[in-house]
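*Asks:* Okay, here's the structure, questions in a sec.
The values are calculated or read from the model by the stated rules, or taken from the named source; none is laboratory data. Just so we're clear, the structure is a prediction, and the values are computed from it rather than from any experiment. All Cβ positions, even for glycine, are placed from backbone atoms using ideal geometry, and neighbour counts span all protein chains on display.
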Amino acid sequence: MTPRELRALCLSFNGAVEDFPFGPRTSVFKVLGKVFALTDLDARPLTVNLKCDPDDAVRLRTGYEGLIVPGYHMNKRHWNTVTVAGGLPGRLVRELVEDSYDLVVAGLPRAQRLRLDRP
């Protein structure tokens, strides 16, 4: 997955926006003000921080050692850093980004979820 594809994927979700609160290099993707992905699209290798269910986070880190690690500068229980261009199947990366978005949306108030067509 290329940086352009990762950016397009993150912005493809309802209500998703890109913000730069940490400076011009760090793309922060949010839904209704809540972060679901952080990345430096110019970094090599390309990585992205994604929210993850704590049990799944541990399983993924074990199954993809070195490619999925505890979230850099994040709560390591709930966030993973995923090496996008490091040999992970594109399908898996897309699922992890979508799971991160879904977890954040699930934590929103019901009225906001309904505005996103996500009951």
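*Asks:* Which one is surrounded by the fewest Cβ atoms within 10 Å (Cβ to Cβ) among residues in the stretch 31-83 that are within 17 Å of E95 (Cα to Cα) and of a type in the set (D, E, K, R)?
*Replies:* D55
*Asks:* Report every pair of residues separated by at least 6 positions or lying on different chains whose Cβ atoms are under 6 Å apart, first residue within the stretch 72-101 and within 19 Å of F13 (Cα to Cα) and at pLDDT 90 or above, second surrounded by 15 or more Cβ atoms within 10 Å (Cβ to Cβ) and not aliphatic (A, V, I, L, M).
*Replies:* Close Cβ pairs satisfying both conditions: S100/F36; S100/K51; Y101/F13; Y101/F36.
*Asks:* Next up: Which ones in the stretch 1-29 are assigned to a strand (DSSP E or B) and either of a type in the set (S, T, N, Q) or in contact (Cβ under 8 Å) with a residue 60 or more places away in the chain (or both)? Lay out the reasoning, then the answer.
*Replies:* Restricting attention to the stretch 1-29, the residues satisfying the condition of being assigned to a strand (DSSP E or B) are 16-19, 27-29.
Of everything in the stretch 1-29, those that are assigned to a strand (DSSP E or B) and either of a type in the set (S, T, N, Q) or in contact (Cβ under 8 Å) with a residue 60 or more places away in the chain (or both) turn out to be A16, S27.
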